[in-house]
1. If you build a Gaussian network model of the chain, linking Cα atoms that sit under 10 Å apart, which residue out of 55, 47, 256 swings the most?
2. Looking only at the chain, where both bridge partners belong to it, what percent of the DSSP beta bridges are antiparallel (to the nearest 5)?
3. Using the basic label-point model (7 angstrom from Cα toward the beta carbon), what is the residue 245 to residue 49 distance in nanometres?
4. What residue among 38, 258, 117 has the largest mean-square fluctuation in a Gaussian network model of the chain, using Cα springs under 10 Å?
5. Report the Cα centroid-to-centroid distance between region 225-246 and region 172-210 in angstrom, as an integer.
6. Given the rule -39500 (n - 2.57) for each run of at least 4 DSSP H residues, summed and divided by the residues of the chain, what is its mean residue ellipticity at 222 nm, to the nearest 500 deg cm²/dmol?
7. Cut-off 10 angstrom, C-alpha nodes, Gaussian network model of the chain. Which of 58, 114, 218 fluctuates the most?
8. For the residues 165, 177, what sequence is obtained by ranking on other C-beta atoms within 10 Å, fewest first?
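We did not get these values from a lab; they are worked out from the coordinates using the rules stated. Given the structure is predicted, the values throughout are model-derived calculations rather than measurements. Reconstructed Cβ throughout: ideal geometry from the backbone, glycine too, with neighbour counts over all protein chains shown.
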């Protein structure tokens with residue numbers, strides 16, 4: 001728990017300084033961004049050591065640790081296994097959903113985990129989808145309400161929740177290549193409402209993109225879904241991460257709204273992005289915004 005103690009102390013000292021000076025609470029983050037080299041910025045938006053965001057000790061940025069969900073804390077030894085999410089959906093009980101989120105978060109804290117990769121609330125469209133067990137059913141309203149309650153319970157314990165998989169993740173077969181094609185009405189009436197609820201009611205801090213394409217564009221580089229709808233219309237101010245190894249074009253991800261590539265910077269890396277920044281194709285402020293959201 002040494003790391004968590006240092007993290008809390010660091011945050012407390014930063015807030016105390018802000019309060020004493022009467023400054024904008026965002027100022028410490030802006031000061032950190034100004035001190036980062038371009039190389040440090042690019043490295044920061046690529047995952048580290050499989051399930052981490054890298055830390056920069058000289059900048060006061062701690063290493064951040066993730067764990068898989070949504071039915072328990074995976075990755076770090078034995079943990080409590082909660083009922084599959086579809087059974088949570090069958091309960092129609094927001095109170096239970098909130099308690100599950102809270103209980104998982106409490107265990108995450110004992111394992112020094114800061115970000116849980118759950119809940120999942122993709123709408124059931126394919127009965128043979130390999131991840132149906134970890135989603136919250138086929139009703140957009142129900143899925144959104146239960147996911148928001150789960151998120152509130154988790155984040156009240158100080159653990160970041162991650163709503164996944166954005167969006168229209170209908171099947172596992174050929175998941176890197178299959179495209180979920182639909183018109184805007186279908187998208188907004190069936191697939192997006194649960195995610196909108198987690199953002200505006202649950203105040204979720206992180207969103208994970210899906211493996212699949214939507215209307216021919218990979219979810220991790222989908223400007224319309226991430227920048228225009230999620231961050232624009234819905235006002236999402238958290239960060240967007242990729243699912244593991246689900247990035248396909250570094251430039252498209254960077255400009256399409258992806259903030260963090262997991263589990264590493266395979267596409268959004270120095271070799272890909274620095275030349276584009278230096279020739280003006282991509283603004284450095286786009287990278288700064290990603291760091292700002294994560295911090």
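1. Among 55, 47, 256, the largest mean-square fluctuation in the Gaussian network model of the chain belongs to 55.
2. 30
3. 2.1
4. Checking each option, the largest mean-square fluctuation is seen for 38.
5. Taking the Cα centre of each part, region 225-246 and region 172-210 sit 10 Å apart.
6. The helix contribution divided over the chain gives -11500 deg cm²/dmol.
7. So, out of 58, 114, 218, the one fluctuating most is 58.
8. 177, 165
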